[in-house]
Structure formats: C-alpha cells, structure tokens
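The values are calculated or read from the model by the stated rules, or taken from the named source; none is laboratory data. Given the structure is predicted, the values throughout are model-derived calculations rather than measurements. FYI the Cβ positions are ideal-geometry reconstructions off the backbone, even for glycines, and counts take in every protein chain you see.
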Amino acid sequence: MRRRRRYRSSYDREEFDMKDFMAEVGRWALSILVVVILAYSIVTFGVQSVTMIGQSMEPALSNQDVVLIDKRAYTFKDPERYDIIAFKLKEDTESYFNIKRIIALPGETIQIKNGRIFINGEVLNDMPFEDLIMTEGLAIDEVTLGEDEYFLMGDNCNNSEDSRYVNIGNISEKEISGKVFFRISPRDSFGTVE
C-alpha cells in the first residue's frame with residue numbers, strides 16, 4: 001500500500017511539473033512574440049539602417065558606413081542647425097538615401113562668399129568643418145529659405161553635391177527621412193554620430 005501511495009505521489013508530482021512546464025513555455029512564447037512585435041514596430045516606424053554613399057560627409061562619416069536614422073526625431077521638434085539627416089528627393093524616391101548636414105534653417109538667408117558661410121549677413125563661425133569653401137554654387141547670391149526649407153551641405157564641402165547644386169537645392173521638411181544618430185558599421189567606428 002505504501003508503494004502505491006508513493007507511486008501516485010510521484011505521478012501527481014510529474015503531472016504538476018508538466019503543468020508548470022507548459023505554463024513556462026507559454027510565458028516564454030508570449031515574451032518572444034512581444035519582443036518580435038516591438039522590434040518590427042521600431043524598425044518600421046522608428047529606426048532604420050542606411051548606408052552612406054560617397055565621401056561627402058568625411059570625416060564625420062565615410063563611404064559605406066552603416067548608420068541608424070531616427071525616423072521620429074522631428075515628430076515633436078524641428079530639425080536644428082548641424083543635425084546630420086538622411087533624405088530622399090521627392091521626385092527620386094527609388095534612389096538611395098542622401099546624408100548631409102543642416103546648415104541653414106527655414107526663413108534664413110544664406111550666402112557663401114570668400115570661402116565662408118553667411119547666415120542673415122553674419123559669418124557662421126562654429127562650423128563642424130574648417131575648410132574654405134571653393135564652390136559657392138547657388139549660394140554665390142543670397143538664398144532665402146521658405147517656411148519649411150533647409151539648406152544642406154556635406155562636411156567634405158569641396159567634394160559634396162548638396163543644396164548648392166540645382167539638382168538637390170533646398171530640401172523641404174517632408175523630404176527628410178530622419179536624423180542620423182548612430183553608426184553601426186564599421187565596428188571600429190561604432191558609436192554616436194555628431
């Protein structure tokens with residue numbers, strides 16, 4: 001009789017352990033599902049990886065660097081001077097992303113003369129690059145930006161196709177895909193982008 005009770009007790013314990021095991025599997029499955037949904041949401045609606053094409057942003061970014069853009073960065077605030085942004089031109093939505101730095105903001109007047117940038121008639125002294133600008137392009141004359149327009153340039157200012165050229169020109173806020181904030185490749189340059 002004692003053997004039988006022990007056997008039943010052991011059987012009950014096995015049955016109880018199986019219920020715990022199934023409950024634990026269910027919790028793990030639910031957790032994994034939530035993580036997958038969150039990851040998909042972040043990638044789809046918040047963060048995207050983009051590859052830098054060309055040398056126009058050197059030394060901040062190099063050709064083939066892979067960066068993350070925050071697609072919601074400007075949901076509650078406006079883009080700021082010197083933000084590095086990714087954009088696609090309205091008429092060229094199938095092409096790769098362009099990456100440049102914001103130099104002039106909506107409503108400002110920009111001009112490039114004597115190798116320097118002037119905003120509303122004042123020299124911009126705190127530039128993230130030090131090179132004298134050899135090509136003024138459209139900014140040889142004063143360019144006044146509209147309510148939602150931005151003037152962009154590459155940090156490698158003498159090797160950058162940017163707002164100085166007619167095929168890019170001023171960028172509207174709608175064309176901005178997001179703010180570049182982190183470099184994920186190459187590994188030796190892993191980290192924030194400024």
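Return the residue satisfying two criteria in turn: it lies in the range 80-101 and is touching a Phe, Trp or Tyr at 6+ places or on another chain (Cβ under 8 Å) and among the aromatic types (F, W, Y), and of such residues it is modelled with the lowest pLDDT. It comes out as F97. Restricting attention to the range 166-188, the residues being farther than 17 Å from A86 by Cα and free of Cβ contacts under 8 Å to residues at least 60 places away in the same chain number 3. Within the range 57-73, being among the small types (G, A, S) and touching a Lys or Arg at 6+ places or on another chain (Cβ under 7 Å) holds for one residue alone: A73. When Q55, Q111, Q48, Q64 are checked against the criterion of being touching a helix residue (DSSP H, G or I) at 6+ places or on another chain (Cβ under 8 Å), of a type outside the set (A, V, I, L, M, F, W, C) and under 22 Å from S185 (Cβ atoms), Q55 stands alone in meeting it. Taken over the range 51-97, the criterion of being surrounded by 15 or more Cβ atoms within 10 Å (Cβ to Cβ) and on the phi > 0 side of the Ramachandran plot is satisfied by G54 alone. Could you please find all residues in the range 130-148 being surrounded by 13 or more Cβ atoms within 10 Å (Cβ to Cβ) and over 24 Å from E173 (Cα atoms)? Within the range 130-148, I133, T135 meet the criteria. Note on the range 149-175: among residues that are of a type in the set (S, T, Y) and surrounded by 15 or more Cβ atoms within 10 Å (Cβ to Cβ), the one that is farthest from D78 (Cα to Cα) is S160. For V43, the conditions (1) buried (at least 18 other Cβ atoms within 10 Å of the Cβ); (2) over 22 Å from Y165 (Cα atoms); (3) at pLDDT below 95 are fulfilled apart from (1).
Residues considered: I140, I184. Of these, the only one that is β-branched (V, I, T) and either within 14 Å of P79 (Cα to Cα) or modelled with pLDDT under 95 (or both) is I184.
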